[in-house]
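Structure, as structure tokens:
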Amino acid sequence: MRIRLAFIAGGLAAAVVIAAPAFAQKQGGTLRVSHRDNPPSASVHEEATISVNMPFMSVFNNLVMFDPKEKINSPDKIVPELAESWSWNADKTKLTFKLRSGVKWHDGKPFSSKDVKCTWDALSGIDEKQQIIRKNPRKVWYKNVKEITTNGDNEVTFTLAREQPSFLSMLAAGYSPVYPCHVDSRTMRSKPIGTGPFKVTDFKRNEAIKLVRNPDYWKKGRPYLDAIEFKIVPNRSTRVLGFVAGEFDLTFDSDITFPLLKDVKGQKADAICEARPTNVHTNLLINRDAPPFDNPKLREALVYSLDRQPFSDILSQGNDLRGATMLPPPAGVWGMTQDELQKLPGFGPDIGKNREIARGIMKELGYGPDKPLKIKVATRNIAIYRDPAVILIDQLKQIYIEAELEPIDTTIWYNKIQQKNYQVGLNLTGAGLDDPDGVFYENFYSTSDRNYTAYKNPEIDKMIDEQSAMTDVNKRKAMVTKIEQALLKDGARPPISHSVSNTCWAPAVKNLVLQHNSIYNGWRLEDVWLDR
Amino acid sequence: MGSYLIRRFLLMALTLFGMSVLIFVMLRLVPGNVADILVDSAGIADPKEKAKIAKELGLDRPIHEQYVSWIGGLARGDLGFAYISERPAIEEIAPRIPISAKLAGLALFFSVIMGVPLGVISAVRQNTALDYSLRLVSLSGLSLPSFWLGLLILMASVQWFGMIPIWTNEPRSILEELMLLSIPAAAVGFRSSALIMRLTRSSMLEVLRQDYIRTARSKGASQTTVNYVHALRNALLPVVTIIGIEAAFLVGGLIVTETVFNIPGVARFLVEAILWRDYPIVQNLVMLIAFVVVMVNFLVDMAYMALDPRIKFAD
Amino acid sequence: MAVINHEAELARAGANVSTFGGQMRFMARRYPLGAVGAIIVLVFILTALFANYIAPYDPTATNAKASLARPGSTYFLGADFMGRDMFSRIVHGARISLAVGAGATLLGGILGVSIGLMSGYLGGTFDLATQRLMDIMQSLPLLVMALVMAASLGPSLENTIIAIAIPLVPSVARVVRSSTLSLREQPFVEAARAVGMGEVRIAVRHVLPNTLAPLIVLGTAQLGSAILTEASLSFLGLGIPEPYPSWGRMLSESAAEYVRTAPWLVIFPGVAISLTVFGTNLLGDALRDILDPRQRT
């Protein structure tokens, strides 16, 4: 497996970098990075895109974070950041953090436990009047938080409604920075204030984002870089040209698709490129509340119709990963192994047989080569959605379904899905964190804001709650697999593939460790230095 | 004269007012507003969040009220706040104007220095092989999509020079900026130069047939003097007007060219703002473009009247 | 009338005008560039009409193995990222271009003729109001107007046609209006009125046919600019959506990704657009020479 080899090679390279003697590190320089589009805002808490995380994560700090030196984020690899230490009470419902003292916000005001309380009061919805955020896409992460209390300036306690081992993982994600209490949401969206290694000096819409070194950073000797400059270049060819021509030191995250990789390596032989999953998986949305797919048999036929290999072959020259909803190993911590996957309906290697099953169902329902079922496949009107939709439509011909593509303006895509105004949709789902709580609650729990398909299944809800409270990792993993099987059987967003892409940098960029199960983490950049 | 001007100004004001209503209404017919986009870009679809943002931005107010507050602000020189960047719209728009203006100016400059001489040559050598090939070139100028031409230039430049003439860093000097802008300007100016060339040619041909040219010839002026001094001076009048009108209409070409060459001017900004449903930016930019077009038309008419004694002020 | 005069001219020139073929041969000799243009336009129309028979592949069929295939014997013009045959897509793209170009020109023409005729004929308040409306519409460049229209209507084939047609209306209306104004006072119109012909019949039977010559000239020019505008709109992501193979969109997507790795994806759709517009322009020039001798170039 090519991709697995790439992972191992990447791991070795990182080990070498980390082992290199410390005196080699150089201070100074500007890291020039290409950026694919204009970030909707600079407020990490309000957005759910790498366009925001990659440039702005380094402005902030978390309480705790996944060890930035590790490639795989896992619950047992969490290190302190603004918190010096943490502890659970006996029944694991109270989590107390001791906070670092003497930390200052970029505007010079002192950081304290009040800021932590403010931030999570707003995120969990306990205090709806908080002015530090306007939108709250990850509210569901904190649905279990009952109360946040401070004890002096340097101690804060989260009280949970029930045991939730994943809670600490949520706090350790790149999406969980501490916000200042005294700054309003508008400022946070345009020129945010953090405690992090870099300060925002300029955020020019459609042009550039400029960060400079925070001279008063609490971690002595960091960061190494003087400045980071993100240049917004919407055309990918132009970005790649810029990188090849030496205008950029680092490409935008996952910007180099496999068809482009050959070109980059050909033009710039010394470029370092690393492949990793993008946390995004392609899946089908099936409208189960309206004809014709209110018929479970027809949903089953769809599940058996897919040949996943051509998707991967076309979209990533065969590098995309096959998996269910959770990211598969080795990068994913919770996903099923390939052996387990084979047993899922429609995942078997014998596509001919699967499609025979699907055709059988279709015939049973009265469809056939002369009487195909005519449907529309809705998708967002942008290439990364349309491309797999076009392949899907091509494949559906095999099971007597004649589908027409219905491209939906990107602004009303979720609206349309939410109003159940579609038959089959092709969707991309991103996971902010490789964690079953994050993924399942967000996408499948009855009451979640991001459960676009309004999938409601009390049994699944129960199972999700159950796994969330499990402390034994192996038992929990087994439960996660059970949920995945149940979801697939029910035709709830059948997954197609997990995308894999490349990020490249010039050899002068040192100490950059990419996180392989979350592109949203690992952009603190305080340890990165330039050898120039 | 005075009453003509007053009438003219009233008409211009009426046109701009009509445009403001038209653009305002059309933008609100667009499916999805900025609240939809902001919420969608965060990957959520919560109607409550949407309503909150819509309220904050005043999108829930009756449409005529929104219109009055926009126009009222515009009259006071207040363009409102951009929805996405949440900065005053003027701060977003103003720095982009000189970039587009320079690009358009350069494109116009190219098109004139190419179009006029070639048009004259083509007319003087009417029906020769040179004339035919020049006419073909000018027709192809009207046929090539300017963005495609831009792409071909980019591809060729990568192929042969291994670099790209795109706006990557803020230019350090006027000279460098002009260098960066000259290639896109040539791409966008090609079409205008074709138009100008065709017009110059037909205008020249017309003049060359006139009596006074024959008179000049019979008085012994040399062929060259007749062609380039007497005829050209008279042929230029319609050309001047088309140049004026083309200057305003270059904006259309700028939209695609700025996109291809990654130039942060107003034209590309307009497209981005439309995609983001950033009404304050779109409305004000459209009004700016309409204002420029209307003003240029006015100035061209004035110039025409000043230059051509046969035309009188009709009032 | 211009057309009749021209036939007389043909006869004087000694052409065998008794047959259609003879006329065509004469025209082709007299206007060689126009003939080239006519052939290009004819090829374009035939390609659009018979796309199903010309294209060797289904333009929407994907093929993993052919992703970004180079031009060669299997794929004459190469294949795109999804392994779809470029030649077939360009052939089918002619349909879209023709549909949009002809659709927008006709729609714009019909609206413009109706408005211009009424405006010129009725005069008064109606004329004044429509003239102001035309002023407003002409205060934006064609592409800007089409862009705003396309955005407010949403992406679809029909909407793209409307978005391009509307900005074309004012110039048609102006041409028809001014012809109507001058024709209204002509002796033959007066004569028709004298024999008691109704005003509507006069407008349709006598005034309209006499505005045809400038209209045909304008229409050909608009056909070209409609095709170009569609390409630009699609290039900016506001035109024809998938699954229709639009030349402009084919260009925009390949331009964003494959300028370097698969330049044929950028070159061929651009050639298709340019050649088609070039043909309409050549034909348009010749038609203007034939129909409107005053503006002969």
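FYI, it's all coordinate maths here, none of it is from the lab. Here the structure is a predicted model, which means the values were calculated and not measured. FYI the Cβ positions are ideal-geometry reconstructions off the backbone, even for glycines, and counts take in every protein chain you see.
What to note about this one:
- When shorter helices are ignored and each DSSP H run of at least 4 residues is given -39500 (n - 2.57), the per-residue value for chain C at 222 nm works out to -23500 deg cm²/dmol.
- About the Cα centre, charge dipole magnitude for the stretch A:349-460 (Lys/Arg +1, Asp/Glu -1 at Cβ), debye: 500 debye
- Only helical runs count toward this figure. For chain A, summing -39,500 (n - 2.57) over DSSP H runs of n ≥ 4 and dividing by all residues gives -8500 deg cm²/dmol at 222 nm.
- Residue order, fewest to most beta carbons within 10 Å, for A:273, A:118: A:273, A:118
- When chain B is treated as a Gaussian network with alpha carbon springs shorter than 10 Å, the biggest mean-square fluctuation among B:50, B:102, B:219 belongs to B:219.
- Choice from C:21, C:101, C:37 showing the highest fluctuation, given a GNM over chain C with Cα pairs closer than 10 Å: C:21
- Across chain C, Cα-Cα pairs farther apart than 36 Å form 29% of the total.
- Neighbourhood charge, 14 Å Cβ-Cβ cut-off, centred on residue A:532 and excluding it, Lys, Arg +1 and Asp, Glu -1: -1
- Distance cut-off 14 Å, percentage of C-alpha pairs in the stretch A:490-532 lying past it: 63 percent
- For the stretch C:206-265, the average shadow cast by the Cα convex hull is 5.6 nm², which is a quarter of the hull's surface.
- Space enclosed by the convex hull of the alpha-carbon atoms of the stretch A:326-373, per residue, Å³: 98 Å³
- Farthest towards the positive end of the charge dipole of chain A, among the residues A:341, A:48, A:436, is the Cα of A:48, using unit charges on the Cβ of Lys, Arg, Asp and Glu.
- Ranking A:323, A:519, A:469 by Cα position along the charge dipole of chain A, where only Lys, Arg, Asp and Glu carry charges on their C-beta atoms, puts A:519 farthest toward the positive end.
- Cβ-to-Cβ counts within 10 Å put C:45, A:401 in ascending order as C:45, A:401, the fewest first.
- For the stretch A:272-390, pairs of C-alpha atoms spaced more than 18 angstrom apart make up 61 percent of the total.
- Using Cβ point charges alone (K and R +1, D and E -1), the dipole size of chain A about the Cα centre works out to roughly 460 debye.
- Relative protection proxy for C:48-60, A:202-214, from highest mean packing down: A:202-214, C:48-60 (other beta-carbon atoms within 10 angstrom).
- For the protein assembly as shown, the spread of Cα positions along each principal axis, largest first, Å: 110, 70, 59
- Sequence of C:88, C:97, A:166, B:157 once ranked by neighbouring C-beta atoms within 10 Å, starting from the fewest: B:157, A:166, C:88, C:97
- Net charge contributed by nearby residues that have their C-beta within less than 14 Å of residue A:370 (K/R +1, D/E -1): +4
- Overall, the protein assembly as shown carries a charge dipole of about 1840 debye about its Cα centre when +1 sits on the Cβ of Lys and Arg and -1 on the Cβ of Asp and Glu, all other atoms neutral.
- Computed P(r) (all Cα pairs; the stretch C:23-138; 5 Å bins; percent): 2, 10, 12, 11, 10, 11, 10, 10, 9, 6, 4, 2, 1, 0
- Å³ per residue enclosed by the Cα convex hull of chain B: 182 Å³
- Degrees between helix A:351-364 axis and first principal axis of chain A (Cα, 0 to 90, nearest 10): 60 degrees
- For the residues of B:24-31, the average number of beta carbons from a partner chain within 10 Å of their own beta carbon is 4.
- Distance from the stretch A:221-297 to the stretch A:82-154 (C-alpha centre basis), Å: 33 Å
- Helical segments meeting 30 Å axial Cα length and Kyte-Doolittle -0.5 threshold in chain B (DSSP H): B:2-29, B:97-124, B:174-208, B:232-260, B:279-307
- Partner shielding of A:386-395 amounts to 4, given as the average count of beta-carbon atoms from other chains within 10 Å of each residue beta-carbon.
- Positive-end extreme of charge dipole, the stretch C:18-131 - chosen from C:112, C:33, C:130 (charges on Cβ): C:33
- Cleavage-rule hits (chymotrypsin sites (Phe, Trp or Tyr not before Pro)) in the stretch B:241-287: DSSP loop, at most 13 neighbouring Cβ within 10 angstrom: none
- Among B:244, B:220, B:80, residue whose mean-square fluctuation peaks in a GNM of chain B (springs only between Cα atoms under 10 Å): B:220
- Degrees between helix A:473-489 axis and first principal axis of chain A (Cα, 0 to 90, nearest 10): 40 degrees
- Within-12-Å neighbourhood charge of residue A:396 [Cβ basis; K, R +1; D, E -1]: +1
- Take each residue in B:131-138, count the other chain C-beta atoms within 10 Å of its C-beta, and the mean is 1.
- The stretch A:100-207: relative contact order as a whole-number percent, Cα under 8 Å and 6+ apart: 30 percent
- Compactness of the stretch B:186-312 is given as radius of gyration and Dmax, 20.0, 67 Å, from Cα positions.
- Based on Cα contacts under 8 Å between residues 6+ apart, chain C shows a relative contact order of 23 percent.
- Cα long-axis angle, helix A:296-305 against chain A (0 to 90 degrees, to the nearest 10): 70 degrees
- Rg(Cα)/(2.2 N^0.38 Å) for the stretch A:222-270, N = residue count: 1.24
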